[in-house]
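Right, one structure below, let's go through it.
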Amino acid sequence: NKIGFVGGMDIPVIKRFEAGFKAGVAAVNPDAKVLINYTGAFDKPDLGKAAAATMYNDGADIIFHSSGATGNGVFNEANDRIKQGKKVWVIGVDKDQSLEFGDQVTLTSMVKGVEEAVTKYSKMVVDGNFKPGAPVTLGLKDNGVGLASTSSKNVPADVLKLADEYKEKIIKGEIKVPEQ
């Protein structure tokens, strides 16, 4: 009933990752406690490793990071614990991090739909609708975010089915994902 979140900088976009993650955890297990640690950096694996060590020591068995290269340290700590015979997981971010850190430690990854973003922005420029500096958010319905295609290696089929059900409810507006 403990799960961790390691953020890089305490900035609005990472706070949105945290808020959505906490809401998702609460939706499937209201008794779970989410441990939070902001390292203050996106480029310090040693800080990610220390944050992960603290969370695993406090009973977390899964940590989701949204901390760039700092998250490499989260994976390093998890791999160290696996070598000691402990079973812990990391949820990667931005790309399929199982390709870099392996399936033994990567439960799944939240991937960004970079191709979707590039296509959307390119179309906006070509159509004359691009407004420099105006924020554009791509979510589930835009294929702006999703789960790594390798998720079925470690996530049971019934859990992936439930995740798809939540995804559809979010897309339909039946569930509003908080941003804070």
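The values are calculated or read from the model by the stated rules, or taken from the named source; none is laboratory data. Remember, predicted model here, so these are calculated numbers, not experimental data. Neighbour counts run over all protein chains shown; Cβ positions are idealised from the backbone, glycine included. Side chains are part of the model used for accessible areas, which takes the heavy atoms of the whole protein and leaves out ligands, DNA and RNA. Shrake-Rupley method; radii C 1.70, N 1.55, O 1.52, S 1.80 Å.
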| said: Quick test for you: out of 152, 122, pick the one residue that is under 30 Å from residue 48 (Cβ atoms), of a type in the set (Gly, Ala, Ser), open to solvent by 50 Å² or more (accessible area, probe 1.4 Å) and more than 15 Å from the chain's Cα centre (by Cα). | reply: 152
| field | Answer from 158, 103, 80 - the residue that is acidic (Asp, Glu) and under 27 Å from residue 175 (Cβ atoms) | value | 158
| query | Listed residues 38, 56; which is among the aromatic types (Phe, Trp, Tyr), open to solvent by less than 50 Å² (accessible area, probe 1.4 Å), out of contact with any His (no Cβ under 6 Å at 6 or more places or on another chain) and more than 22 Å from residue 153 (Cα to Cα)? | reply | 56
| remark: Taking segment 3-61 and keeping only residues that are of a type in the set (Val, Ile, Thr) and free of Cβ contacts under 8 Å to residues at least 60 places away in the same chain, one is left with 11, 13, 14, 25, 34, 36, 39, 54
| note | Over segment 18-32, the set of residues touching a helix residue (DSSP H, G or I) at 6+ places or on another chain (Cβ under 9 Å) and either among the polar types (S, T, N, Q) or open to solvent by 30 Å² or more (accessible area, probe 1.4 Å) (or both) is 24, 27, 28
| request: With the condition kept exactly as written, say whether any residue in segment 132-140 is outside any loop (DSSP other than H, G, I, E, B) and under 26 Å from residue 75 (Cβ atoms). | output: yes
| task | Scan 15, 83, 49, 87 and give me the residue that is at pLDDT 95 or above, buried (at least 16 other Cβ atoms within 10 Å of the Cβ) and farther than 25 Å from residue 143 by Cα. | result | 49
| request: All but one of (1) within 23 Å of residue 29 (Cβ to Cβ); (2) open to solvent by less than 80 Å² (accessible area, probe 1.4 Å) hold for residue 168, so report the exception by its number. | output: (2)
